[in-house]
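Student: The structure is given below, and queries will be raised subsequently.
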Amino acid sequence: IHVLQGERKMAQHNVTLGRFQLTGIPSAPRGVPQVEVTFDIDVNGIVHVAAKDLATSKEQKITITSSSGLSDDEIEKMVQDAEKFAEEDEIRLKEIETRNNADSMIYQADKTLKEFADKIDEETKGKIETAKEELNQALQGDDMADIEAKTEALTEAVYAFTAKMYENINQQEQEPGSDEVFDADYNIPDDDK
């Protein structure tokens, strides 16, 4: 856990106050672990930070007693820089989110292809693979609109497959059974004899 002080949207433009690790949590696929981080600043300016894994309830804490060493003028400059670079930071943040969304969709597509390999036809698999490759190519460049469009195309290809798969499952569950009724005689053995 990296604790920072500053007004900028990008961590690299802020000041590090402290770092600590949340240990003892099991390995899990990305996006699965949920970590709750709480910050408490007391009247003396001491920062208490706690991170807790919600699945295991494992918790680590850090107390940051020394200030960052920033003067009032330096803090004011940081605030002014945040205002000055707000638009650039917003653009950079959007680029990072776009790339992260693309990476997540590629991961989801790979997971879907692996998990449902026995249920996916070659045509659908080909559409997903093609969309995935086109997105990987787009990620090599800096055209955010292209990356967003290719991410959407891959999303649609994967969701079209999963929707079709669930539709088939629902149809199988709703197929009417036979109205034929069978009468049967049976005896329950008496264990007391």
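Each value in this text was obtained by applying a stated rule to the coordinates, not by laboratory testing. Just so it is clear, the model here is predicted, and its values are computed rather than measured. When we count neighbours, we look across all protein chains shown, and the Cβ atoms used for this are built from the backbone with ideal geometry, even at glycine.
Student: Where does the chain land at 222 nm, in deg cm²/dmol rounded to the nearest 500, when only DSSP H runs of n ≥ 4 count, each adding -39500 (n - 2.57), divided by all residues?
Tutor: That calculation yields -16500 deg cm²/dmol at 222 nm.
Student: At each listed q (0.24, 0.26 Å⁻¹), what is the log10 of I(q)/I(0) that the Debye formula gives for the stretch 2-70 modelled as equal alpha-carbon point scatterers?
Tutor: Treating every Cα as an identical point scatterer, log10 I(q)/I(0) equals -1.11, -1.18.
Student: Turning to a different aspect of this structure: Treat each spin label as a single point 7 Å out from the Cα along the C-beta direction, and report the Asn101 to Gln140 distance in nm.
Tutor: 2.4 nm
Student: Hey, rough spin-label estimate for Gln172 and Arg19, points 7 angstrom out along Cα→Cβ, what's it come to in nanometres?
Tutor: Going from the Gln172 label point to the Arg19 one covers 4.9 nm.
Student: Given contacts defined as C-alpha pairs under 8 Å and at least six residues apart, what's the relative contact order of the stretch 9-155, whole-number percent? Present the calculation step by step, with values, prior to reporting the outcome.
Tutor: Working: 123 pairs, mean separation 26.7, N = 147.
For the stretch 9-155, the relative contact order is 18 percent.
Student: How far, in degrees from 0 to 90, does helix 72-84 lean away from the longest principal axis of the Cα atoms of the chain, to the nearest 10?
Tutor: Helix 72-84 sits at roughly 50 degrees to that axis.
Student: Using 7 Å Cα-to-Cβ label points, what is the Met10/Asp40 separation (nm, one decimal)?
Tutor: Calculated label separation equals 3.5 nm.
Student: Please label the shape of the stretch 55-162 as rounded, prolate or oblate, based on the square roots a ≥ b ≥ c of the eigenvalues of the alpha-carbon gyration tensor (a/c under 1.5 means rounded; beyond that, a/b larger than b/c means prolate, else oblate).
Tutor: Note, shape of the stretch 55-162 comes out oblate.
Student: Taking the Cβ of Glu152 as the centre, find all other residues whose Cβ is under 12 Å away and add up their charges (Lys, Arg: +1; Asp, Glu: -1).
Tutor: Surrounding charge for Glu152 is -3.
Student: Peptides 70-76, 52-58: what's the order by average Cβ count within 10 Å, highest mean first?
Tutor: 52-58, 70-76
Student: Separate question: Please provide three numbers in whole Å: the alpha-carbon extents of the chain along the principal axes, with the largest listed first.
Tutor: That gives 91, 60, 24 Å along the principal axes, largest extent first.
Student: On to the next question. For Glu7, what is the net charge nearby, where nearby means another residue's Cβ is under 10 Å from its Cβ and Lys, Arg count +1, Asp, Glu -1?
Tutor: Details: positive: Arg8, Lys9; negative: Asp81, Glu83, Asp89.
The answer is -1.
Student: List the residues of the stretch 29-44 whose backbone N lies under 14 Å from a point placed 7 Å from the Cα of Thr63 along the Cα-to-Cβ direction.
Tutor: Label zone hits: 40-44.
Student: Same structure again: Excluding Asp110 itself, what net charge comes from residues whose Cβ is under 14 Å from its Cβ, given Lys and Arg +1 and Asp and Glu -1?
Tutor: So the surrounding residues net to +1.
Student: Which value, in debye to the nearest 20, describes the size of the charge dipole of the chain about its Cα centre when Lys and Arg Cβ atoms bear +1, Asp and Glu Cβ atoms bear -1, and nothing else is charged?
Tutor: Rounded to the nearest 20 debye, it is 1120 debye.
Student: Give me the angle, in degrees from 0 to 90, between the Cα long axis of helix 144-174 and the longest principal axis of the Cα atoms of the chain, rounded to the nearest 10.
Tutor: Compared with the principal axis, the helix lies near 30 degrees.
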